[in-house]
Amino acid sequence: MSSSSVDPWSPVRWAENGAVRLAFDQWSERVAGEPLLLTIGLGANRKWFPDGLCRMLAAHGFAVARYDQRDGGESTHLPPTATRNPISALFKKRGEAYTAEDMADDAVAVMDALDWPSAHLLGVSLGGAVAQRVALRHPDRVRTLTTMAAVPGDAAGLRALQYVRLRTLAKFAGLKFPDTSEGNIAAGATVTRLLASPKRPFDEPAAREAAARNLDSGVHDQQAQSRQIGAQWHGQKISAITRPTLVLHGEDDPLIKPRAGKAIASRVPGSRLVPLPEVGHEIPESAWKRVAAEVRALADTARHLPAGSTNQDGVLHGEIEESFIAAEGGGEAEEGQVVA
């Protein structure tokens with residue numbers, strides 16, 4: 001959130017997908033530009049997107065909007081289910097509350113409420129998987145797709161676990177804080193530390209200050225996280241994505257292994273992988289300029305493309321650069337290890 005006394009975001013608005021109401025707002029310092037919809041990760045609310053990054057995206061010519069996924073932030077929270085832990089939810093054969101298709105349709109409902117026929121998508125963590133599914137389910141609504149710190153959108157259960165550092169997930173799932181202002185501040189600071197790159201000094205006071213500005217109980221709401229992570233995808237494989245795609249992944253991600261980004265980039269035709277040095281499962285200030293520039297460059301390549309346009313080989317038209325950047329050294333043994 002912004003440290004300024006003037007809120008750069010519009011008043012909250014609402015979109016509807018059936019019985020689910022979705023909270024969203026727009027960056028008010030610039031309302032003109034190419035539509036860009038931001039989709040946040042597991043349990044978190046939309047305010048985890050840094051204002052500084054959103055300001056840079058707006059300066060790059062985007063009209064920025066963000067929304068709370070169902071079971072997050074101010075959006076509708078569904079009734080309790082039998083599954084009460086995000087880890088156990090991964091092993092369920094089907095979601096108990098809703099499907100991944102429902103979550104993809106939520107994003108389109110927000111676009112409808114914004115009167116956006118199509119938009120660029122930027123999804124982080126679970127939001128990255130959701131954005132991939134929107135590109136599969138509603139390709140005509142997606143101009144470009146940027147997925148960051150995400151697993152392949154068609155991975156589920158044991159197939160998804162190969163990309164997750166289980167010790168970090170267990171720590172995340174085991175967070176227990178009282179649902180009070182102080183509890184939410186402590187939870188926010190703890191999650192920030194847990195997901196940060198270990199190669200950068202951690203600023204505990206700054207993390208607590210940010211958490212105090214964004215009292216988000218969702219980061220320790222295991223019930224809501226279980227419903228989100230348990231939503232199963234029944235659609236196409238990500239190899240069927242036809243929109244220009246950028247894959248961002250922190251080299252030091254302590255939750256989702258970098259091999260997840262490589263898997264997405266290797267399977268989505270014409271996509272490009274950009275590793276982010278000294279970045280964990282987060283969007284630190286040091287990465288804002290690079291992220292904004294990469295999203296802008298992707299949008300520029302797609303300006304002349306009709307929706308769903310591919311060449312006869314299934315590869316997107318446009319200068320998307322190389323389809324895959326291999327890991328430094330070419331090995332994955334270290335990334336396959338679970339870190340403490």
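Under 6 Å between Cβ atoms, at least 6 apart or on separate chains: pull out the pairs that start in the range 3-22 with a residue that is closer than 14 Å to Asp105 by Cβ and end on any residue that is among the charged types (D, E, K, R) and modelled with pLDDT of 95 or more.
That search, which allows pairs on different chains as well, returns Asn17/Asp105; Asn17/Asp106; Val20/Arg70; Leu22/Asp106.
Just wondering, is there one or more residues in the range 86-93 that are crowded, with 18+ Cβ neighbours inside 10 Å, closer than 19 Å to Gly218 by Cβ and basic (Lys, Arg)?
Step one: filter the range 86-93 for residues crowded, with 18+ Cβ neighbours inside 10 Å, giving 86-87, 89-90, 92.
Within this subset, residues satisfying the condition of being closer than 19 Å to Gly218 by Cβ are 86-87, 89-90.
Okay, now just the ones that are also basic (Lys, Arg), so none.
Scanning the range 86-93, I find no residue that is crowded, with 18+ Cβ neighbours inside 10 Å, closer than 19 Å to Gly218 by Cβ and basic (Lys, Arg), so the answer is no.
Taking Leu158 as meeting all but one of (1) more than 25 Å from Pro80 (Cβ to Cβ); (2) surrounded by fewer than 20 Cβ atoms within 10 Å (Cβ to Cβ); (3) at pLDDT 85 or above; (4) over 19 Å from the mean Cα position of the chain (by Cα), write down the number of the exception.
(3)
Within the range 166-220, which helices (runs of 4 or more DSSP H) (wholly inside it) include 1 or more residues that are β-branched (Val, Ile, Thr)?
166-173, 181-195
Mind checking which residues of the range 251-274 are part of a strand (DSSP E or B), hydrophobic (A, V, I, L, M, F, W, C) and surrounded by fewer than 23 Cβ atoms within 10 Å (Cβ to Cβ)?
Residue satisfying the conditions is Val274 alone.
Looking only at the range 12-34, which residues are surrounded by fewer than 20 Cβ atoms within 10 Å (Cβ to Cβ), under 13 Å from Asp112 (Cα atoms) and not basic (Lys, Arg)?
Trp14, Glu16
If I ask for residues that are crowded, with 24+ Cβ neighbours inside 10 Å, of a type in the set (S, T, N, Q) and more than 18 Å from Trp288 (Cβ to Cβ), which ones from the range 38-74 would you list?
Scanning the range 38-74 gives a single hit, Gln69.
Looking at Ala340, Ala302 in this structure, which one is modelled with pLDDT under 95 and either of a type in the set (Phe, Trp, Tyr) or surrounded by 20 or more Cβ atoms within 10 Å (Cβ to Cβ) (or both)? Don't jump to the end; show me each part of the working.
On the way: Ala340 fails: either of a type in the set (Phe, Trp, Tyr) or surrounded by 20 or more Cβ atoms within 10 Å (Cβ to Cβ) (or both).
Being modelled with pLDDT under 95 and either of a type in the set (Phe, Trp, Tyr) or surrounded by 20 or more Cβ atoms within 10 Å (Cβ to Cβ) (or both) holds for just one of Ala340, Ala302, which is Ala302.
Which residues, counting only those in the range 174-224, are touching a residue at least 40 places away in the same chain (Cβ under 8 Å), among the hydrophobic types (A, V, I, L, M, F, W, C) and either surrounded by fewer than 21 Cβ atoms within 10 Å (Cβ to Cβ) or in contact with a Lys or Arg (Cβ under 7 Å, 6 or more places away or on another chain) (or both)?
If the condition is that a residue be touching a residue at least 40 places away in the same chain (Cβ under 8 Å), among the hydrophobic types (A, V, I, L, M, F, W, C) and either surrounded by fewer than 21 Cβ atoms within 10 Å (Cβ to Cβ) or in contact with a Lys or Arg (Cβ under 7 Å, 6 or more places away or on another chain) (or both), then Leu175, Phe177, Leu194, Ala210 are the ones that fit.
Mind counting the residues in the range 104-146 that are buried (at least 20 other Cβ atoms within 10 Å of the Cβ) and not in a helix (DSSP H, G or I)?
Summing the residues that are buried (at least 20 other Cβ atoms within 10 Å of the Cβ) and not in a helix (DSSP H, G or I) in the range 104-146 gives 12.
The values are calculated or read from the model by the stated rules, or taken from the named source; none is laboratory data. Fair warning: this is a prediction, and the values are worked out from it, not measured in the lab. So basically every Cβ, Gly included, is an ideal-geometry build from the backbone, and we count neighbours across all protein chains shown.
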